[in-house]
2 protein chains.
Amino acid sequence: MSIRLVIADDQALVRGALAALLGLEPDIEVVAELGDGTGVAAAVVEHSADVAMLDVEMPGLDGISAAAAVRRAAPSCRVLMVTTFGRPGYLRRAMLAGASGFVVKDTPARQLAEAVRRVHQGLRVVDPVLAAESLTAGDSPLTEREAEVLKAASDGGTVADIAKSAMLSEGTVRNYLSATMAKTGGRTRAEAVRIAEDNGWLL
Amino acid sequence: MSIRLVIADDQALVRGALAALLGLEPDIEVVAELGDGTGVAAAVVEHSADVAMLDVEMPGLDGISAAAAVRRAAPSCRVLMVTTFGRPGYLRRAMLAGASGFVVKDTPARQLAEAVRRVHQGLRVVDPVLAAESLTAGDSPLTEREAEVLKAASDGGTVADIAKSAMLSEGTVRNYLSATMAKTGGRTRAEAVRIAEDNGWLL
DNA sequence: AATGAGGGATGACAAATGTCATGCGGCGCT
DNA sequence: AGCGCCGCATGACATTTGTCATCCCTCATT
(Lines give C-alpha, C1' and ligand atoms only; values in the text may rest on other atoms or scores of the structure.)
Protein backbone atom coordinates (compact mmCIF):
# COMPACT_ATOMS: atom_id res chain seq x y z
CA MET A 1 0.00 0.00 0.00
CA SER A 2 1.41 3.35 -0.97
CA ILE A 3 2.11 6.32 1.28
CA ARG A 4 -0.59 8.95 1.02
CA LEU A 5 1.07 12.38 0.97
CA VAL A 6 -0.20 15.94 1.37
CA ILE A 7 2.07 18.77 0.17
CA ALA A 8 1.81 22.41 1.28
CA ASP A 9 4.12 25.09 -0.10
CA ASP A 10 3.26 28.64 -1.06
CA GLN A 11 5.28 28.66 -4.26
CA ALA A 12 3.12 26.92 -6.84
CA LEU A 13 6.06 26.04 -9.03
CA VAL A 14 7.94 24.37 -6.21
CA ARG A 15 4.81 22.67 -4.94
CA GLY A 16 4.02 21.22 -8.34
CA ALA A 17 7.60 20.21 -8.92
CA LEU A 18 7.84 18.43 -5.59
CA ALA A 19 4.60 16.62 -6.36
CA ALA A 20 6.01 15.55 -9.71
CA LEU A 21 9.24 14.40 -8.14
CA LEU A 22 7.59 12.34 -5.43
CA GLY A 23 4.84 11.13 -7.71
CA LEU A 24 7.52 9.27 -9.63
CA GLU A 25 8.14 7.04 -6.64
CA PRO A 26 6.09 3.86 -6.88
CA ASP A 27 5.29 3.75 -3.18
CA ILE A 28 4.19 7.37 -2.80
CA GLU A 29 0.90 8.89 -3.83
CA VAL A 30 0.33 12.65 -3.67
CA VAL A 31 -3.28 13.06 -2.60
CA ALA A 32 -3.45 16.84 -2.12
CA GLU A 33 -1.53 20.04 -2.82
CA LEU A 34 -2.11 23.22 -0.83
CA GLY A 35 -0.82 26.77 -1.21
CA ASP A 36 -1.13 27.81 2.42
CA GLY A 37 -1.40 26.34 5.87
CA THR A 38 -5.04 26.99 6.65
CA GLY A 39 -6.56 23.96 4.95
CA VAL A 40 -3.85 21.44 5.65
CA ALA A 41 -5.38 19.71 8.67
CA ALA A 42 -8.72 19.38 6.91
CA ALA A 43 -7.08 17.99 3.79
CA VAL A 44 -5.15 15.46 5.83
CA VAL A 45 -8.35 14.21 7.44
CA GLU A 46 -10.34 14.24 4.22
CA HIS A 47 -7.78 12.19 2.31
CA SER A 48 -6.69 10.18 5.35
CA ALA A 49 -3.09 11.04 4.54
CA ASP A 50 -0.12 9.26 6.08
CA VAL A 51 2.39 12.07 5.79
CA ALA A 52 2.10 15.87 5.47
CA MET A 53 5.01 17.74 3.91
CA LEU A 54 4.88 21.38 5.02
CA ASP A 55 6.88 24.49 4.21
CA VAL A 56 7.65 26.63 7.26
CA GLU A 57 7.23 29.95 5.47
CA MET A 58 3.68 30.28 4.25
CA PRO A 59 1.08 33.03 4.11
CA GLY A 60 -1.95 32.66 6.34
CA LEU A 61 -1.21 29.88 8.79
CA ASP A 62 2.52 29.21 9.01
CA GLY A 63 3.97 25.72 8.73
CA ILE A 64 4.67 25.31 12.42
CA SER A 65 1.10 26.11 13.41
CA ALA A 66 -0.18 23.95 10.58
CA ALA A 67 1.92 21.07 11.89
CA ALA A 68 0.34 21.43 15.31
CA ALA A 69 -3.11 21.50 13.72
CA VAL A 70 -2.37 18.32 11.79
CA ARG A 71 -1.18 16.55 14.93
CA ARG A 72 -4.35 17.51 16.77
CA ALA A 73 -6.69 16.59 13.93
CA ALA A 74 -4.96 13.39 12.85
CA PRO A 75 -2.43 12.04 15.36
CA SER A 76 -1.57 9.13 13.10
CA CYS A 77 -0.36 11.44 10.34
CA ARG A 78 3.36 12.23 10.46
CA VAL A 79 4.63 15.68 9.62
CA LEU A 80 7.77 16.43 7.61
CA MET A 81 8.83 20.08 7.55
CA VAL A 82 10.63 21.41 4.50
CA THR A 83 12.15 24.86 4.64
CA THR A 84 14.34 27.27 2.75
CA PHE A 85 16.10 28.55 5.83
CA GLY A 86 17.87 26.34 8.30
CA ARG A 87 17.00 28.52 11.27
CA PRO A 88 17.80 26.69 14.49
CA GLY A 89 14.69 28.08 16.17
CA TYR A 90 12.47 26.71 13.42
CA LEU A 91 13.72 23.20 14.00
CA ARG A 92 13.13 23.36 17.73
CA ARG A 93 9.68 24.83 17.34
CA ALA A 94 8.73 22.37 14.62
CA MET A 95 9.70 19.47 16.85
CA LEU A 96 7.75 20.92 19.76
CA ALA A 97 4.76 21.25 17.43
CA GLY A 98 4.95 17.53 16.78
CA ALA A 99 6.88 17.29 13.51
CA SER A 100 8.74 14.06 12.84
CA GLY A 101 11.22 15.41 10.34
CA PHE A 102 12.92 18.58 9.22
CA VAL A 103 14.84 19.03 5.97
CA VAL A 104 16.19 22.14 4.27
CA LYS A 105 15.61 22.83 0.62
CA ASP A 106 19.19 22.36 -0.40
CA THR A 107 19.37 18.71 0.51
CA PRO A 108 19.71 16.51 -2.57
CA ALA A 109 16.42 15.66 -4.25
CA ARG A 110 17.16 11.95 -4.04
CA GLN A 111 16.97 11.99 -0.28
CA LEU A 112 13.53 13.52 -0.14
CA ALA A 113 11.57 10.38 -0.95
CA GLU A 114 13.67 8.52 1.56
CA ALA A 115 12.87 11.13 4.19
CA VAL A 116 9.16 10.72 3.48
CA ARG A 117 9.47 6.96 3.90
CA ARG A 118 11.37 7.31 7.15
CA VAL A 119 8.91 9.64 8.83
CA HIS A 120 6.13 7.37 7.62
CA GLN A 121 7.79 4.51 9.46
CA GLY A 122 7.80 6.59 12.61
CA LEU A 123 11.47 7.48 12.45
CA ARG A 124 12.77 10.98 12.91
CA VAL A 125 14.59 12.74 10.10
CA VAL A 126 16.73 15.73 10.97
CA ASP A 127 19.57 17.39 9.12
CA PRO A 128 22.55 16.59 11.41
CA VAL A 129 24.23 19.96 10.79
CA LEU A 130 21.06 21.74 11.79
CA ALA A 131 20.57 19.58 14.83
CA ALA A 132 24.01 20.55 16.08
CA GLU A 133 23.36 24.24 15.45
CA SER A 134 20.09 24.00 17.23
CA LEU A 135 21.80 22.65 20.32
CA THR A 136 24.50 25.30 20.44
CA ALA A 137 22.16 28.15 19.55
CA GLY A 138 19.82 27.43 22.41
CA ASP A 139 16.31 28.62 22.83
CA SER A 140 15.17 32.15 22.20
CA PRO A 141 16.28 34.47 24.99
CA LEU A 142 13.59 36.97 24.06
CA THR A 143 10.41 37.40 26.02
CA GLU A 144 7.14 37.43 24.11
CA ARG A 145 6.83 41.19 24.16
CA GLU A 146 10.44 41.71 23.18
CA ALA A 147 9.99 39.48 20.16
CA GLU A 148 6.80 41.29 19.29
CA VAL A 149 8.42 44.70 19.43
CA LEU A 150 11.44 43.53 17.50
CA LYS A 151 9.19 42.08 14.84
CA ALA A 152 7.37 45.39 14.60
CA ALA A 153 10.76 47.04 14.18
CA SER A 154 11.79 44.69 11.40
CA ASP A 155 10.27 46.70 8.60
CA GLY A 156 12.33 49.73 9.41
CA GLY A 157 9.86 52.10 11.02
CA THR A 158 10.71 54.65 13.68
CA VAL A 159 10.20 54.20 17.40
CA ALA A 160 7.00 56.22 17.10
CA ASP A 161 5.68 53.80 14.45
CA ILE A 162 6.46 50.79 16.59
CA ALA A 163 4.92 52.37 19.67
CA LYS A 164 1.74 53.05 17.77
CA SER A 165 1.50 49.56 16.29
CA ALA A 166 2.18 47.91 19.65
CA MET A 167 0.13 50.35 21.72
CA LEU A 168 3.10 51.13 23.93
CA SER A 169 4.85 54.22 25.14
CA GLU A 170 7.87 55.29 23.08
CA GLY A 171 10.09 54.97 26.09
CA THR A 172 8.95 51.43 26.67
CA VAL A 173 9.63 50.54 23.09
CA ARG A 174 13.15 51.86 23.42
CA ASN A 175 13.61 49.82 26.56
CA TYR A 176 12.46 46.65 24.86
CA LEU A 177 14.63 47.29 21.85
CA SER A 178 17.55 47.93 24.15
CA ALA A 179 16.86 44.60 25.84
CA THR A 180 16.72 42.75 22.52
CA MET A 181 20.00 44.29 21.49
CA ALA A 182 21.60 43.21 24.72
CA LYS A 183 20.27 39.66 24.40
CA THR A 184 21.10 39.20 20.74
CA GLY A 185 24.45 40.89 21.00
CA GLY A 186 23.52 43.28 18.22
CA ARG A 187 24.95 46.77 18.31
CA THR A 188 22.06 48.40 16.52
CA ARG A 189 18.37 47.74 16.21
CA ALA A 190 18.77 46.50 12.65
CA GLU A 191 21.50 44.11 13.69
CA ALA A 192 19.32 42.73 16.45
CA VAL A 193 16.57 42.15 13.91
CA ARG A 194 18.92 40.29 11.60
CA ILE A 195 20.33 38.10 14.35
CA ALA A 196 16.92 37.24 15.72
CA GLU A 197 15.64 36.41 12.25
CA ASP A 198 18.65 34.23 11.47
CA ASN A 199 17.99 32.24 14.60
CA GLY A 200 14.31 31.89 13.96
CA TRP A 201 13.38 33.84 17.07
CA LEU A 202 10.82 35.99 15.32
CA LEU A 203 8.07 34.58 13.10
CA MET B 1 13.82 16.77 -31.66
CA SER B 2 13.49 17.64 -28.00
CA ILE B 3 14.43 20.86 -26.26
CA ARG B 4 17.77 20.56 -24.49
CA LEU B 5 17.47 22.28 -21.11
CA VAL B 6 19.99 23.42 -18.48
CA ILE B 7 18.68 24.16 -14.98
CA ALA B 8 20.45 26.29 -12.36
CA ASP B 9 19.00 26.83 -8.90
CA ASP B 10 20.82 26.90 -5.59
CA GLN B 11 18.25 24.85 -3.71
CA ALA B 12 19.01 21.25 -4.57
CA LEU B 13 15.53 20.07 -3.72
CA VAL B 14 13.87 22.62 -5.96
CA ARG B 15 16.39 22.04 -8.71
CA GLY B 16 15.81 18.31 -8.66
CA ALA B 17 12.07 18.73 -8.46
CA LEU B 18 11.99 21.09 -11.42
CA ALA B 19 14.10 18.65 -13.37
CA ALA B 20 11.67 15.87 -12.52
CA LEU B 21 8.69 17.99 -13.47
CA LEU B 22 10.09 19.05 -16.81
CA GLY B 23 11.60 15.66 -17.49
CA LEU B 24 8.08 14.30 -17.65
CA GLU B 25 7.41 16.37 -20.76
CA PRO B 26 8.08 14.32 -23.87
CA ASP B 27 9.62 17.22 -25.79
CA ILE B 28 11.98 18.42 -23.08
CA GLU B 29 15.26 16.88 -22.05
CA VAL B 30 17.17 18.10 -19.00
CA VAL B 31 20.82 17.86 -19.95
CA ALA B 32 22.43 19.54 -16.92
CA GLU B 33 21.69 20.71 -13.40
CA LEU B 34 23.81 23.33 -11.65
CA GLY B 35 23.81 24.69 -8.12
CA ASP B 36 25.31 28.08 -8.86
CA GLY B 37 25.83 30.47 -11.72
CA THR B 38 29.54 30.06 -12.34
CA GLY B 39 29.44 27.00 -14.56
CA VAL B 40 26.24 27.73 -16.46
CA ALA B 41 27.72 29.20 -19.63
CA ALA B 42 30.21 26.36 -19.91
CA ALA B 43 27.50 23.76 -19.38
CA VAL B 44 25.32 25.34 -22.03
CA VAL B 45 28.14 25.17 -24.54
CA GLU B 46 29.22 21.68 -23.57
CA HIS B 47 25.74 20.21 -23.90
CA SER B 48 24.72 22.54 -26.73
CA ALA B 49 21.60 23.43 -24.82
CA ASP B 50 18.62 25.23 -26.35
CA VAL B 51 17.30 26.84 -23.19
CA ALA B 52 18.83 27.76 -19.82
CA MET B 53 16.51 28.11 -16.84
CA LEU B 54 18.19 30.27 -14.19
CA ASP B 55 17.31 31.35 -10.69
CA VAL B 56 18.08 35.02 -9.98
CA GLU B 57 19.22 34.46 -6.41
CA MET B 58 22.26 32.23 -6.44
CA PRO B 59 25.56 32.12 -4.58
CA GLY B 60 28.68 32.84 -6.58
CA LEU B 61 27.58 34.26 -9.90
CA ASP B 62 24.02 35.58 -9.70
CA GLY B 63 21.42 34.66 -12.28
CA ILE B 64 21.48 37.99 -14.10
CA SER B 65 25.23 37.84 -14.65
CA ALA B 66 24.95 34.18 -15.58
CA ALA B 67 22.32 35.09 -18.17
CA ALA B 68 24.68 37.61 -19.73
CA ALA B 69 27.46 35.02 -19.76
CA VAL B 70 25.21 32.52 -21.52
CA ARG B 71 24.22 35.04 -24.17
CA ARG B 72 27.86 35.83 -24.83
CA ALA B 73 28.99 32.22 -24.95
CA ALA B 74 26.03 30.79 -26.87
CA PRO B 75 23.85 33.41 -28.56
CA SER B 76 21.51 30.74 -29.88
CA CYS B 77 20.59 29.59 -26.37
CA ARG B 78 17.53 31.30 -24.88
CA VAL B 79 17.42 32.22 -21.22
CA LEU B 80 14.40 31.85 -18.95
CA MET B 81 14.72 33.44 -15.54
CA VAL B 82 12.87 31.90 -12.61
CA THR B 83 12.76 33.74 -9.34
CA THR B 84 11.21 33.71 -5.90
CA PHE B 85 10.77 37.46 -5.71
CA GLY B 86 8.96 39.50 -8.32
CA ARG B 87 11.21 42.50 -7.92
CA PRO B 88 10.59 44.95 -10.75
CA GLY B 89 14.28 45.78 -11.01
CA TYR B 90 15.14 42.13 -11.50
CA LEU B 91 12.90 41.87 -14.51
CA ARG B 92 14.36 44.95 -16.15
CA ARG B 93 17.93 43.87 -15.49
CA ALA B 94 17.25 40.34 -16.67
CA MET B 95 15.86 41.61 -19.95
CA LEU B 96 18.81 43.94 -20.41
CA ALA B 97 21.09 40.97 -19.80
CA GLY B 98 19.44 39.18 -22.70
CA ALA B 99 16.86 36.95 -21.02
CA SER B 100 13.85 35.92 -23.11
CA GLY B 101 11.51 35.10 -20.26
CA PHE B 102 10.87 35.84 -16.61
CA VAL B 103 8.54 33.84 -14.35
CA VAL B 104 8.05 33.93 -10.59
CA LYS B 105 7.98 30.79 -8.52
CA ASP B 106 4.34 31.02 -7.66
CA THR B 107 3.07 30.62 -11.18
CA PRO B 108 1.26 27.30 -11.66
CA ALA B 109 3.55 24.39 -12.42
CA ARG B 110 1.58 23.57 -15.57
CA GLN B 111 2.65 26.76 -17.23
CA LEU B 112 6.33 26.19 -16.75
CA ALA B 113 6.80 23.69 -19.56
CA GLU B 114 4.82 25.97 -21.80
CA ALA B 115 7.09 28.88 -20.88
CA VAL B 116 10.12 26.81 -21.79
CA ARG B 117 8.60 25.98 -25.17
CA ARG B 118 7.75 29.60 -25.85
CA VAL B 119 11.21 30.97 -25.15
CA HIS B 120 12.63 28.14 -27.22
CA GLN B 121 10.53 29.34 -30.12
CA GLY B 122 11.99 32.79 -29.70
CA LEU B 123 8.95 34.28 -28.01
CA ARG B 124 9.12 36.37 -24.88
CA VAL B 125 7.46 35.19 -21.68
CA VAL B 126 6.81 37.75 -18.97
CA ASP B 127 4.41 37.71 -16.06
CA PRO B 128 1.96 40.48 -17.04
CA VAL B 129 1.49 41.72 -13.47
CA LEU B 130 5.22 42.05 -13.09
CA ALA B 131 5.60 43.78 -16.42
CA ALA B 132 3.11 46.42 -15.33
CA GLU B 133 4.86 46.93 -12.01
CA SER B 134 8.15 47.22 -13.76
CA LEU B 135 6.84 50.04 -15.90
CA THR B 136 5.39 52.03 -13.03
CA ALA B 137 8.31 51.40 -10.71
CA GLY B 138 10.86 52.80 -13.13
CA ASP B 139 14.55 52.33 -13.09
CA SER B 140 16.69 52.57 -10.00
CA PRO B 141 17.21 56.19 -8.99
CA LEU B 142 20.29 55.28 -7.01
CA THR B 143 23.79 55.96 -8.24
CA GLU B 144 26.32 53.17 -8.10
CA ARG B 145 27.93 54.42 -4.94
CA GLU B 146 24.63 55.04 -3.22
CA ALA B 147 23.54 51.49 -3.93
CA GLU B 148 26.89 50.21 -2.70
CA VAL B 149 26.66 52.09 0.56
CA LEU B 150 23.05 51.08 1.09
CA LYS B 151 23.96 47.47 0.48
CA ALA B 152 26.73 47.76 3.05
CA ALA B 153 24.14 49.18 5.43
CA SER B 154 21.73 46.32 4.84
CA ASP B 155 23.17 44.03 7.47
CA GLY B 156 22.54 46.52 10.20
CA GLY B 157 26.00 47.85 11.03
CA THR B 158 26.75 51.35 12.27
CA VAL B 159 27.93 54.23 10.12
CA ALA B 160 31.45 53.53 11.30
CA ASP B 161 31.20 49.93 10.06
CA ILE B 162 29.94 51.03 6.68
CA ALA B 163 32.60 53.70 6.37
CA LYS B 164 35.29 51.15 7.07
CA SER B 165 33.92 48.58 4.62
CA ALA B 166 33.52 51.19 1.88
CA MET B 167 36.70 53.09 2.63
CA LEU B 168 34.83 56.33 3.03
CA SER B 169 34.60 59.07 5.61
CA GLU B 170 31.77 58.71 8.09
CA GLY B 171 30.32 62.02 7.00
CA THR B 172 30.27 60.92 3.40
CA VAL B 173 28.49 57.72 4.34
CA ARG B 174 25.84 59.71 6.12
CA ASN B 175 25.46 61.92 3.09
CA TYR B 176 24.97 58.94 0.81
CA LEU B 177 22.52 57.32 3.17
CA SER B 178 20.64 60.57 3.37
CA ALA B 179 20.47 60.64 -0.42
CA THR B 180 19.17 57.07 -0.60
CA MET B 181 16.50 57.88 1.94
CA ALA B 182 15.41 60.90 -0.06
CA LYS B 183 15.31 58.92 -3.30
CA THR B 184 13.55 55.85 -1.91
CA GLY B 185 11.15 57.87 0.22
CA GLY B 186 12.20 55.93 3.31
CA ARG B 187 12.17 57.72 6.63
CA THR B 188 14.94 55.70 8.18
CA ARG B 189 17.97 53.90 6.91
CA ALA B 190 16.34 50.53 7.47
CA GLU B 191 13.27 51.56 5.56
CA ALA B 192 15.39 52.73 2.65
CA VAL B 193 17.08 49.33 2.63
CA ARG B 194 13.77 47.52 2.57
CA ILE B 195 12.34 49.65 -0.22
CA ALA B 196 15.44 49.34 -2.35
CA GLU B 197 15.49 45.58 -1.84
CA ASP B 198 11.82 45.22 -2.70
CA ASN B 199 12.41 47.04 -5.94
CA GLY B 200 15.48 45.03 -6.84
CA TRP B 201 17.74 48.06 -6.71
CA LEU B 202 20.43 46.40 -4.67
CA LEU B 203 22.00 43.02 -5.55
C1' DA C 1 34.42 77.73 -21.65
C1' DA C 2 30.55 76.74 -19.12
C1' DT C 3 27.35 73.65 -17.05
C1' DG C 4 25.96 69.89 -14.45
C1' DA C 5 26.26 65.32 -12.27
C1' DG C 6 28.75 62.39 -9.49
C1' DG C 7 32.39 61.14 -6.03
C1' DG C 8 34.35 62.71 -1.83
C1' DA C 9 34.79 65.55 2.25
C1' DT C 10 33.98 68.88 6.44
C1' DG C 11 31.35 71.12 9.99
C1' DA C 12 27.29 72.38 12.41
C1' DC C 13 22.77 71.45 14.10
C1' DA C 14 18.37 69.10 15.27
C1' DA C 15 16.19 64.88 15.95
C1' DA C 16 16.18 60.08 16.87
C1' DT C 17 18.24 56.35 19.25
C1' DG C 18 20.44 53.63 22.89
C1' DT C 19 21.48 53.36 27.97
C1' DC C 20 20.45 53.49 32.71
C1' DA C 21 18.24 54.20 37.04
C1' DT C 22 14.03 53.95 39.05
C1' DG C 23 9.31 53.14 39.94
C1' DC C 24 4.96 50.29 40.09
C1' DG C 25 1.80 46.20 39.82
C1' DG C 26 1.16 41.35 38.77
C1' DC C 27 2.38 36.52 38.72
C1' DG C 28 4.67 32.35 39.96
C1' DC C 29 7.70 30.01 42.96
C1' DT C 30 9.72 28.54 47.66
C1' DA D 1 5.90 36.76 53.01
C1' DG D 2 9.61 37.39 50.12
C1' DC D 3 12.09 36.96 45.75
C1' DG D 4 12.61 37.43 41.02
C1' DC D 5 10.93 38.04 36.36
C1' DC D 6 8.00 40.29 33.32
C1' DG D 7 5.16 44.19 31.51
C1' DC D 8 4.96 49.01 31.41
C1' DA D 9 6.31 53.57 32.23
C1' DT D 10 9.26 58.11 33.15
C1' DG D 11 13.07 60.96 32.98
C1' DA D 12 17.81 62.09 32.15
C1' DC D 13 21.85 61.47 29.50
C1' DA D 14 25.35 60.46 25.91
C1' DT D 15 25.62 58.88 21.16
C1' DT D 16 24.27 58.16 16.77
C1' DT D 17 21.64 59.59 12.97
C1' DG D 18 19.79 62.45 9.49
C1' DT D 19 19.92 67.12 7.28
C1' DC D 20 22.05 70.94 5.17
C1' DA D 21 25.29 74.21 3.45
C1' DT D 22 29.55 74.42 1.43
C1' DC D 23 33.71 73.08 -0.55
C1' DC D 24 37.03 70.60 -4.06
C1' DC D 25 37.96 67.60 -8.08
C1' DT D 26 36.86 65.00 -12.29
C1' DC D 27 34.49 63.89 -16.36
C1' DA D 28 31.09 64.19 -19.90
C1' DT D 29 27.99 67.25 -22.24
C1' DT D 30 26.77 71.57 -24.47
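The values are calculated or read from the model by the stated rules, or taken from the named source; none is laboratory data. Predicted, not measured: the structure shown is a model, and the values here were computed from it. Reconstructed Cβ throughout: ideal geometry from the backbone, glycine too, with neighbour counts over all protein chains shown. To get the accessible areas, we keep the full protein, side chains included, count just its heavy atoms, and leave off ligands, DNA and RNA. Shrake-Rupley method; radii C 1.70, N 1.55, O 1.52, S 1.80 Å.
Search the structure for amide H atoms under 5 Å from the amide H of B:Met81, placed 1.01 Å from N in the peptide plane, and list their residues when 5 or more places away or on another chain.
B:Leu54, B:Ser100, B:Gly101, B:Phe102, B:Val103
Could you do me a favour and compute the accessible area per residue for region B:3-137, 1.4 Å probe, result in Å²?
Per-residue value: 40 Å².
Please report the carbon-and-sulfur percent of the accessible area for chain A; probe 1.4 Å, protein heavy atoms only, DNA, RNA and ligands left out.
51 percent
Only four residue types carry charge here, +1 at the Cβ of Lys and Arg and -1 at the Cβ of Asp and Glu. Report the dipole size of region A:3-137 about the Cα centre in Debye, rounded to the nearest 20.
460 debye
A drop of at least 30 square angstrom in accessible area, chain alone versus all protein chains together, probe 1.4 Å. Which residues of region B:1-40 meet that?
Flagged in region B:1-40: B:Gln11, B:Ala12, B:Leu13, B:Val14, B:Ala17, B:Ala20, B:Leu21, B:Leu24.
Cα centroid distance between region A:123-155 and region B:47-115, in Å?
34 Å
Take every Cα-Cα distance within chain B, group them into 5 Å bins from 0 onward, and report for each bin the whole-number percent of pairs it holds.
1, 8, 15, 17, 16, 13, 10, 8, 6, 3, 1, 0, 0
Would you kindly calculate the mean projected area, averaged across all directions, of the convex hull enclosing the Cα atoms of the protein assembly as shown, in square nanometres?
Result: a mean projected hull area of 21.1 nm².
Give the interface area between chains A and B as buried accessible surface, both sides summed, probe 1.4 Å, in Å² to the nearest 100.
When A and B are taken together, about 2300 Å² of accessible area is lost.
With springs only between Cα atoms under 10 Å, which of A:Arg187, A:Arg124, A:Arg92 fluctuates most in a Gaussian network model of chain A?
Maximum fluctuation in the GNM of chain A, among the listed residues, is at A:Arg187.
With Rg and the Kirkwood Rh both taken from Cα atoms, where does Rg over Rh land for region B:19-88?
Expressed as Rg/Rh, it is 0.95.
Please name the residues of region B:110-156 whose accessible area, counted over protein heavy atoms with a 1.4 angstrom probe, falls by no less than 30 Å² between the chain alone and the full protein assembly.
For region B:110-156, once contacts with the other chains are taken into account, B:Asp155, B:Gly156 lose 30 Å² or more.
With the cut-off at 15 Å, report for region B:144-199 the share of all Cα pairs above it, as a whole percent.
Of all Cα-Cα distances in region B:144-199, 34 percent exceed 15 Å.
Distance cut-off 30 Å, Cα to Cα: go down the list A:Lys183/B:Lys105; A:Lys105/B:Lys164; A:Lys164/B:Lys164; A:Lys105/A:Lys151 and report the pairs above it.
A:Lys183/B:Lys105; A:Lys105/B:Lys164; A:Lys164/B:Lys164
Tell me the distances, shortest first, between B:Arg145 and the same position across the other copies, using label points 7 Å along Cα→Cβ, in nm to one decimal.
Here B:Arg145 shows inter-copy label distances of 4.5 nm.
I'd like to check one number: the per residue accessible area of region A:144-198, probe 1.4 Å, reported in Å² as a whole number.
52 Å²
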